[in-house]
Amino acid sequence: EVIEVPAQDDTGLEELGVGYAYRDGVAVITIPQQVSFPSGKATLSKNGEEALREVAQVLRSRHAGGTYSIEGHTDSDPISKSKFDSNRDLSLSRAMAVLTYLVESCDILDDQCVVVGHSQYRPVDPGSSSEAKARNRRVEILVFDGDR
């Protein structure tokens with residue numbers, strides 16, 4: 001069982017709809033798809049850009065020497081009306097969009113980042129309801145503190 005503990009809640013991330021917690025000792029910043037991307041797209045929304053500016057501030061102030069694993073997740077619905085070939089393609093494209101914005105607009109170093117596309121294979125909610133699927137559509141940034 002994975003133990004998740006909320007992190008210190010003075011970041012301002014929660015009011016933007018972004019989660020900040022520790023999972024097995026690793027800081028995890030969760031950016032739901034509803035905050036960051038239009039449905040079926042990998043282009044950041046204005047809200048997504050605003051949230052990522054705050055995320056970058058937290059990364060720089062609390063995790064400056066860390067390595068950031070930017071991980072895209074989708075629900076299990078097959079891709080139907082989209083330019084993406086698969087959920088894997090969509091999850092990777094969203095993670096890349098987050099990486100690109102953090103590096104090009106927020107002064108995060110590219111060499112601190114790794115990009116992962118999990119597709120539907122690591123759900124946070126195994127249910128099949130629309131609410132469960134919405135929880136699974138997210139980008140997570142796992143922060144590994146310390147020397148790279």
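The values are calculated or read from the model by the stated rules, or taken from the named source; none is laboratory data. None of the values given here were measured: they were computed from a predicted structure. Positions of Cβ are generated from backbone atoms using ideal geometry, with glycine treated the same way; all protein chains shown enter the neighbour counts. In case anyone asks, the SASA skips ligands and DNA or RNA and just uses the protein heavy atoms, side chains included. Shrake-Rupley method; radii C 1.70, N 1.55, O 1.52, S 1.80 Å.
Calculated accessible area for segment 6-124 comes out at 51 Å² per residue, all protein chains present (probe 1.4 Å; ligands, DNA, RNA ignored).
Compared with the dominant principal axis of the Cα atoms in the chain, helix 87-106 is inclined by about 30°.
Given the rule -39500 (n - 2.57) for each run of at least 4 DSSP H residues, summed and divided by the residues of the chain, what is its mean residue ellipticity at 222 nm, to the nearest 500 deg cm²/dmol? Intermediate results must be reported in sequence, preceding the final value.
Details: 4 runs with 48 residues, N = 148.
Counting only the DSSP helices, I get -10000 deg cm²/dmol.
Label-to-label distance for residue 145 and residue 83 is 4.0 nm, based on points extended 7 Å past Cα in the beta-carbon direction. Highest mean first, the peptides 130-139, 64-73, 91-100 sorted by other C-beta atoms within 10 Å per residue fall in the order 91-100, 64-73, 130-139.
Compute the Rg to Rh ratio over segment 14-148 from the alpha carbon atoms, using the Kirkwood formula for Rh, and round to two decimal places.
On the way: Rg = 14.0 Å, Rh = 14.8 Å.
When Rh is taken as the Kirkwood radius, the ratio is 0.95.
With axes computed from alpha carbons, what is the tilt in degrees of helix 46-62 against the longest principal axis of the chain, rounded to the nearest 10 within 0 to 90? Between helix and principal axis, roughly 30 degrees. The simple spin-label model puts a point 7 Å past each Cα toward its Cβ; for residue 22 and residue 47 those points are separated by 3.0 nm.
Per-residue accessible area (protein heavy atoms, 1.4 Å probe) orders 74, 30 as 30, 74, starting from the largest.
Ligands, DNA and RNA left out, the accessible area of segment 1-122 computed with a 1.4 Å probe is 47% carbon and sulfur. Calculated from the alpha-carbon coordinates, segment 75-116 shows an Rg and a Dmax of 12.6, 36 Å respectively.
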